Amino acid sequence: MIQIEIDPAAGFCFGVERVIKDAETRLRDGESLFGLGEMVHNHAEVERLTLLGLRTIQHGDLPSIHSGKVLFRAHGEPPETYRLAREHGVEVIDGTCPIVIRLQKRIRTVYSQMDRSKEQLVLFGKPDHPETIGLLGQVNGDAVVVSGPEDIGKLEPGKRVHLYSQTTMDPDQFGEVEKTIRDRLADAEIGGEAADFQSECTICGQMKKRKPSLAEFAHKFDLMLFVSGKNSSNGKMLYEFCRGVNPSTRWISDPGEIDPAWLEGVLSVGISGATSTSFSQLDKIREQVFHLVTT
């Protein structure tokens, strides 16, 4: 009999699980609820919430919301979004992840204390990711966003660096960025002194644990099915890592994408997913695999 196992370390991260449960509870209680942007980078989960009654809106829609409440997702929002909502009398439910809130406060504090003629704030993240957009809003956009070592040329030469990270980035890549900046500043001088470099790895603790636990899990199976939305940067990163551990890894978003040919001669199947993939979705994949091998 084929062995089918779900990664016990998979499922929603804390912040996403918190906001999804809040949305679900309110919708089942009959509240009129709007979601500002996709609640999670996961089409299946967004579709499920839509069927429950969630209406997804964009920032430009806020002035036209005259009834109901607007839920801000876990990624966080810039101050401008809160201001716009207040101006138009929109009732906000703030679903920002507490870890993101702490990071927002941290970079605001550091930025307020910086001598901006000699210092610069650097964010390791995806420029178009909602969390990074929210972080940039805390400092009026006055930060350099780098997505990898290849972006270090964006930094202003001679300025001290304060480096932070979007909470969902790859810890290994953060280390590469950190080393590249440190090497670049090693011989630089500011005011006759060696250039200073302050770095804080503000990646979520759950993200830091995901790769080690996934590596331990993935190598045990003939076939790995990695489940996430194709627009999830976290999903793409973890899928590529999983495939590096187990070359027999397939990236899927829903049960219908499983090709029965993948299961031929396979004795064991492992199932894992991104931090934006729910455990219930993983269980549906398990059920589909079982169906395919028993019919």
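The numbers here are math on the coordinates, done by the rules we state, and not lab data. These numbers were taken from a predicted model, which means no experiment stands behind them. Here the Cβ positions follow ideal geometry from the backbone for every residue, glycine too, while neighbour counts run over all protein chains shown.
Annotations
- Checked against (1) surrounded by fewer than 16 Cβ atoms within 10 Å (Cβ to Cβ); (2) touching a Gly at 6+ places or on another chain (Cβ under 8 Å), residue 261 meets all criteria but (2).
- In the set (1) under 16 Å from residue 77 (Cβ atoms); (2) without any contact (Cβ under 8 Å) to a residue 12 or more places away in the chain; (3) not acidic (Asp, Glu), residue 154 fails one condition alone, (1).
- When 277, 249 are screened for being under 16 Å from residue 42 (Cβ atoms), in contact with a strand residue (DSSP E or B) (Cβ under 7 Å, 6 or more places away or on another chain) and among the polar types (S, T, N, Q), only 277 passes.
- Selection of region 121-165 for residues being of a type in the set (Asp, Glu) and either touching a Leu at 6+ places or on another chain (Cβ under 9 Å) or under 17 Å from residue 106 (Cβ atoms) (or both) yields 131, 142.
- Taking each residue of region 70-82 that is in contact (Cβ under 8 Å) with a residue 12 or more places away in the chain and looking for partners that are assigned to a strand (DSSP E or B) and among the small types (Gly, Ala, Ser) with beta-carbon atoms closer than 8 Å, six or more apart or interchain, yields 70/35; 71/35; 73/35.
- If only residues of region 86-134 that are of a type in the set (Gly, Ala, Ser) and surrounded by 21 or more Cβ atoms within 10 Å (Cβ to Cβ) are counted, the one that is farthest from residue 176 (Cα to Cα) is 95.
- Filtered residues of region 74-84 (kept if crowded, with 16+ Cβ neighbours inside 10 Å and out of contact with any helix residue (DSSP H, G or I) (no Cβ under 6 Å at 6 or more places or on another chain)): 81
- Residues (under 17 Å from residue 233 (Cα atoms) and among the acidic types (Asp, Glu)) located in region 95-147: 128, 131
- Restricting attention to region 38-60, the residues that are in contact with a strand residue (DSSP E or B) (Cβ under 8 Å, 6 or more places away or on another chain) and either surrounded by 14 or more Cβ atoms within 10 Å (Cβ to Cβ) or not in a loop (DSSP other than H, G, I, E, B) (or both) total 11.
- The criterion of at least 2 residues that are among the small types (Gly, Ala, Ser) is met, among helices (runs of 4 or more DSSP H) falling completely within region 193-295, by 205-218, 233-245.
- Checking region 63-71 against the condition returns no match, with no residue being crowded, with 22+ Cβ neighbours inside 10 Å, in contact with a Leu (Cβ under 9 Å, 6 or more places away or on another chain) and in a loop (DSSP other than H, G, I, E, B).
- Residue, farthest from the chain's Cα centre (by Cα), within region 1-36, restricted to residues that are buried (at least 19 other Cβ atoms within 10 Å of the Cβ) and in a loop (DSSP other than H, G, I, E, B): 7
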